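**Q** Have a look at this one before I ask anything.
The values are calculated or read from the model by the stated rules, or taken from the named source; none is laboratory data. Keep in mind the model is a prediction, meaning the values are calculated, not measured. Here Cβ is always computed from backbone atoms with ideal geometry, including for glycine, and neighbour counts include all displayed protein chains. Remember, those area values only see protein heavy atoms, side chains included, never the ligands or the DNA or RNA. Shrake-Rupley method; radii C 1.70, N 1.55, O 1.52, S 1.80 Å.
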Amino acid sequence: MVSYLMNTKNCMSVLLLSDRFDHFSFVGGEITTYCTFQIDGTYHPEFYPENEETSPDPYVRWKQVREYCFSLIKGKQTPLRFHFILSLAPDQIEALLQKEGLPYQTSDIKGLYLNFRYDGTRLTCTTGTSFHTFVLDKSLEHLWDSTVPKLFIKNRMEFEENH
């Protein structure tokens, strides 16, 4: 599902200046201003001391890179473009599966994605669902596509769907 986010400034404020998406995993992104910055969201536990708690999630959380992304975007000029890939974190996927009674294990699912893309004029968000193996059942995909608009409404992010 593709959603056109109608009020770019408001949506960017929610995404970059609030903690409303902080529980999502950050898979990666790219920001183009005076040059292009590419960010890989892969978590590297070896960076932290041994006594520090590490995450089982293969990606960092959005809250860990949000301020950095904002620092690259803020200024008098808007970025030429950007693309952020967020995924529902594994613990949140587990909660969603249990709540909806779907017959999947978290280990079956590679990700439930939100792809935010700004092309210089318009901000869009495309949903995506990925499994580790081929699956004919589309129930999780349909659930994710119906969950995201509720997330936008909850966060007062005006949107228009384009199926």
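**Q** How big is the gap, in Å, between the Cα center of region 9-46 and the Cα center of region 58-115?
**A** If we compute the Cα centre of each part, the gap is 9 Å.
**Q** Just list whichever of K99/K138; K110/K138; K9/K154; K74/K154; K99/K150 have alpha carbons separated by over 19 Å in the model shown.
**A** Numbers: K99/K138 17 Å; K110/K138 15 Å; K9/K154 17 Å; K74/K154 25 Å; K99/K150 15 Å.
Check vs 19 Å cut-off fails for K74/K154.
**Q** Looking at the P(r) of region 20-96, how many percent of alpha-carbon pairs lie beyond 18 Å? If you can, show how the numbers build up before the last one.
**A** Details: 1364 of 2926 pairs.
It works out to 47 percent of all Cα pairs.
**Q** Follow-up question, since we're still on this one. Can you give the longest run of the chain that contains no chymotrypsin sites (Phe, Trp or Tyr not before Pro) sitting in a DSSP loop with at most 11 other Cβ atoms inside 10 Å?
**A** Details: sites that count: Y34, F134.
It runs 35-133.
**Q** Only sites in a loop by DSSP and with at most 12 other Cβ atoms within 10 Å count here; which trypsin sites (Lys or Arg not before Pro) in region 75-163 make the cut? Please report the intermediate quantities before stating the final value.
**A** Values: sites: K76, R81, K99, K110, R117, R122, K138, K150, K154, R156; in loops: K76, R122, K138, R156.
Those that pass, being in a loop and sparsely packed, are K76, R122, K138, R156.
**Q** From the C-alpha gyration tensor of region 75-147, pull out the three semi-axes of the equivalent ellipsoid (sqrt of 5λ each), sorted largest to smallest, in whole Å. Before the final figure, lay out each step's value.
**A** Working: eigenvalues 176, 27, 22 Å².
They are 30, 12, 11 Å, listed from largest to smallest.
**Q** Ignoring GluC sites (Glu not before Pro) that are buried or in helix or strand per DSSP, and keeping those with at most 14 other beta carbon atoms within 10 Å, what is the longest stretch of the chain between them? Before the final figure, lay out the partial values.
**A** On the way: sites that count: E50, E52, E53, E158.
With GluC sites (Glu not before Pro) excluded where exposed in loops, the chain gives 54-157 as its longest stretch.
**Q** Express the accessible area of region 6-88 per residue in Å², computed with a 1.4 Å probe while the remaining protein chains stay in the model. Intermediate values should be presented prior to the final figure.
**A** Numbers: 5170 Å² over 83 residues.
It amounts to 62 Å² per residue over region 6-88.
**Q** Same structure, new question: Show me, bin by bin at 5 Å from 0, the whole-percent P(r) of the chain based on Cα pairs.
**A** Using 5 Å bins, I get a P(r) of 2, 8, 17, 21, 20, 15, 10, 6, 2, 0 for the chain.
**Q** Mind giving me the nanometre distance, one decimal, between the label points for L151 and C35, set 7 Å out from Cα along Cα→Cβ?
**A** According to this spin-label approximation, the distance is 3.2 nm.
**Q** Under unit Cβ charges (Lys, Arg +1; Asp, Glu -1), what dipole magnitude, rounded to 20 debye, does region 1-116 have relative to its Cα centre?
**A** Around 840 debye, computed over region 1-116.
**Q** Using a 1.4 Å probe on the protein chains only, how many percent of the accessible area of region 77-163 belongs to carbon and sulfur? Spell out each step's value before the answer.
**A** On the way: 2560 of 5130 Å².
The C+S portion of the solvent-accessible surface of region 77-163 is 50 percent.
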